[in-house]
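Okay, so here's the structure we're looking at.
The values are calculated or read from the model by the stated rules, or taken from the named source; none is laboratory data. What you are looking at is a predicted structure, and each value in this text was computed from that prediction instead of being measured. Reconstructed Cβ throughout: ideal geometry from the backbone, glycine too, with neighbour counts over all protein chains shown. Note: accessible area is taken over every heavy atom of the protein model, side chains too, but ligands, DNA and RNA are not part of it. Shrake-Rupley method; radii C 1.70, N 1.55, O 1.52, S 1.80 Å.
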Amino acid sequence: MINEAIGSSTYSHSRAGVLSYVSIFENLWIQTELYQQISESSRRLELANEQLKIHDKMQQEFISIASHELRTPVQSILGFASLANKAQIEPIQACKGILLEAYKLQQLTNDLLDVSRIESGASLSYVMEKVRINEIILNIVNAIKISLKQGVSIETGLGPNIGGVGSGGIHDNSDNNKEIEIYADKIRIAQAISNIVGNAVKFTDRGTIRVESLVSVDKKRVEIKVCDSGNGIAEDILPNLFDKFVTKTPGNENKRGTGLGLYITKAIIDAHKGEIFAANNNQTVGATFTIVLPSV
Ligand SMILES: Nc1ncnc2c1ncn2[C@@H]1O[C@H](COP(=O)(O)OP(=O)(O)OP(=O)(O)O)[C@@H](O)[C@H]1O
Ligand SMILES: [Mg+2]
């Protein structure tokens, strides 16, 4: 009886001991879990904080460059208006100057709006439909002809000559009369091509600009090439050519731009599941920009 009593008391003591060990282990385990969760959360917070700082810095830079760029045409407009006001230039001359600068201002504000939409992740709006790409190219080329410098010409070679992407020079003229069609937002795709052709015109002082369209051998892709005979792209900006505010026009203020055209163009081409690349011409002067888009 006594033995039994001792036995049960020893048993209950050792059981209590085991239970308290278990609860200590449980507590330790919970604490370790909690500690891991807290350190993981604080690591994530640190990362988010770093990203916010980078984002904040980029936004500050964007605002400072954008406001600097906006100031230039605004100052010119004020200059023309004030000269006309003091009758120091002919009103018609002032109007022409003001119009030109107002167009620049409009272009710049449109570009800045596009960039802020791209950056905010809201993306540009796209209304996709079947479009005839050659018609769009022709409209752009015809519109830009009037702004060509003396000694510069523009020509087109519009497909569908089978060849283009990875063709290895194979040609098949069987369906040459068929128009190239792609799924695209008419306005946005025209904006992208127009930016590239506009650059070719801006950076070419003599020679010929050639705009081509081709269909790949498997007919799944369309290639648009813009080849110019200008000075070529400065080698040091080639690796980040499609980033925003990347410009290099040494010694020529007339060609100065904001460096938003190619950034917006790439965003548009990406949204069309296409690709864009650029290279300086090997055999001749100038540069070639190539846009590859899926065909219908
Ligand atoms: N065809 C080209 N030949 C030589 N350099 C080019 C050509 N196209 C673009 N570049 C270079 O790439 C830079 C970036 O081009 P992008 O179109 O983005 O800007 P931009 O033309 O300078 O200004 P924006 O388009 O905003 O008016 C240009 O400043 C120029 O240095
Ligand atoms: Mg440009």
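Among the residues of region 235-266, count how many are more than 8 Å from ligand 1 (Cβ to nearest atom) and open to solvent by 60 Å² or more (accessible area, probe 1.4 Å).
Final tally of qualifying residues: 10.
Checking the conditions here, which among ILE118, ILE77, ILE136 is in the same structural domain as ALA192 (by TED's automatic domain parsing) and surrounded by 13 or more Cβ atoms within 10 Å (Cβ to Cβ)?
ILE136
Condition first: polar (S, T, N, Q) and within 11 Å of ligand 1 (Cβ to nearest atom). Now tell me which residues in region 267-296 satisfy that.
Within region 267-296, ASN280, ASN281, THR288 qualify.
Out of all the residues in region 202-244, which are assigned to a loop (DSSP other than H, G, I, E, B), without any contact (Cβ under 8 Å) to a residue 40 or more places away in the chain, away from ligand 2 (no atom under 16 Å from the Cβ) and not acidic (Asp, Glu)?
Within region 202-244, no residue meets the criteria.
Does any residue in region 94-108 that is within 11 Å of ILE77 (Cβ to Cβ) come within less than 9 Å, Cβ to Cβ, of a residue that is open to solvent by 100 Å² or more (accessible area, probe 1.4 Å) and assigned to a helix (DSSP H, G or I) six or more places away or on a different chain, and which pairs are these?
ALA94/ASN85; GLU101/GLN75
Looking for something open to solvent by 20 Å² or more (accessible area, probe 1.4 Å), closer than 21 Å to VAL141 by Cα and either of a type in the set (Phe, Trp, Tyr) or more than 10 Å from ligand 1 (Cβ to nearest atom) (or both) - is there at least one such residue anywhere in region 218-225?
For region 218-225, residues open to solvent by 20 Å² or more (accessible area, probe 1.4 Å), closer than 21 Å to VAL141 by Cα and either of a type in the set (Phe, Trp, Tyr) or more than 10 Å from ligand 1 (Cβ to nearest atom) (or both): present.
Answer with yes or no whether ILE269 is closer than 26 Å to GLU69 by Cα, modelled with pLDDT of 95 or more, β-branched (Val, Ile, Thr) and surrounded by 18 or more Cβ atoms within 10 Å (Cβ to Cβ).
So ILE269 passes the test.
Can you tell me which of (1) away from ligand 2 (no atom under 13 Å from the Cβ); (2) closer than 27 Å to ILE63 by Cβ is the one THR247 doesn't meet?
(1)
For residues that are among the polar types (S, T, N, Q), touching a residue at least 60 places away in the same chain (Cβ under 8 Å) and surrounded by fewer than 16 Cβ atoms within 10 Å (Cβ to Cβ), tally how many sit in region 273-292.
Qualifying residue count for the region: 0.
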